[in-house]
């Protein structure tokens, strides 16, 4: 199981995945979910993350992200180390680069939920292990993966030609939804207040991907 092509790679935004890689991640996720709901005896024997650990840096609180990550790692044989604001202060007392190096020495992967996107980029450049962006002010790739997975569960694996409506501010979630939808041929109609439009550069990237 898994997506071998992504081994050792970080995930900063949905843009980091090709269309086929995006589809492969979704197919793997649905297969795992289906297997576990059916008893998961085979997966329990495999324990694909046995001996692996993830350092979870949370500058921002999140019930679902923490619970799903810790539970998922445990079910697949790995372990998760939660580092909240009271446990670790990025860029305080020691540089962000030094923190990344230390975490990379003791963990297989770093998952970071931060305020500034530049912080997760610095972590990626310095950790020496894959880094997953669990949320930044600019991108939220895991949310888009979950949203597209839900769409596939409701409408089938082929989503090309479908239309998604977005009502709200043009935030990090919308940014990655635009990128993911463009890769899969899904139309996105947005209604945002004039002062809260999505990032123009990301809009252009999504437009180019959809051509």
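The values are calculated or read from the model by the stated rules, or taken from the named source; none is laboratory data. Computed from a predicted model, the values in this text were never measured in an experiment. Every residue, glycine as well, gets a Cβ built from its backbone with ideal geometry; the counts of neighbours run over all protein chains shown.
Within segment 81-98, does at least one residue satisfy the condition of being out of contact with any helix residue (DSSP H, G or I) (no Cβ under 7 Å at 6 or more places or on another chain), closer than 30 Å to residue 198 by Cβ and modelled with pLDDT of 95 or more? No, every residue in segment 81-98 fails to be out of contact with any helix residue (DSSP H, G or I) (no Cβ under 7 Å at 6 or more places or on another chain), closer than 30 Å to residue 198 by Cβ and modelled with pLDDT of 95 or more. On the basis of being surrounded by fewer than 17 Cβ atoms within 10 Å (Cβ to Cβ) and under 23 Å from residue 54 (Cα atoms), does residue 146 make the cut? Yes.
Residues 198, 194: which one is surrounded by 12 or more Cβ atoms within 10 Å (Cβ to Cβ) and not assigned by TED's automatic domain parsing to the domain that holds residue 118? Selected residue: 198, the only one of 198, 194 that is surrounded by 12 or more Cβ atoms within 10 Å (Cβ to Cβ) and not assigned by TED's automatic domain parsing to the domain that holds residue 118. Evaluation of residue 153 against the conditions (1) in contact with a strand residue (DSSP E or B) (Cβ under 9 Å, 6 or more places away or on another chain); (2) part of a helix (DSSP H, G or I); (3) outside the structural domain of residue 56 (by TED's automatic domain parsing) shows that the sole unmet condition is (1). Checked against the criterion of being at pLDDT 95 or above, over 15 Å from the mean Cα position of the chain (by Cα), surrounded by fewer than 18 Cβ atoms within 10 Å (Cβ to Cβ) and assigned by TED's automatic domain parsing to the domain that holds residue 13, the candidates 168, 128, 185 yield just one match: 128.
Being modelled with pLDDT of 90 or more, part of a loop (DSSP other than H, G, I, E, B) and surrounded by 15 or more Cβ atoms within 10 Å (Cβ to Cβ) is a description that does not apply to residue 51.
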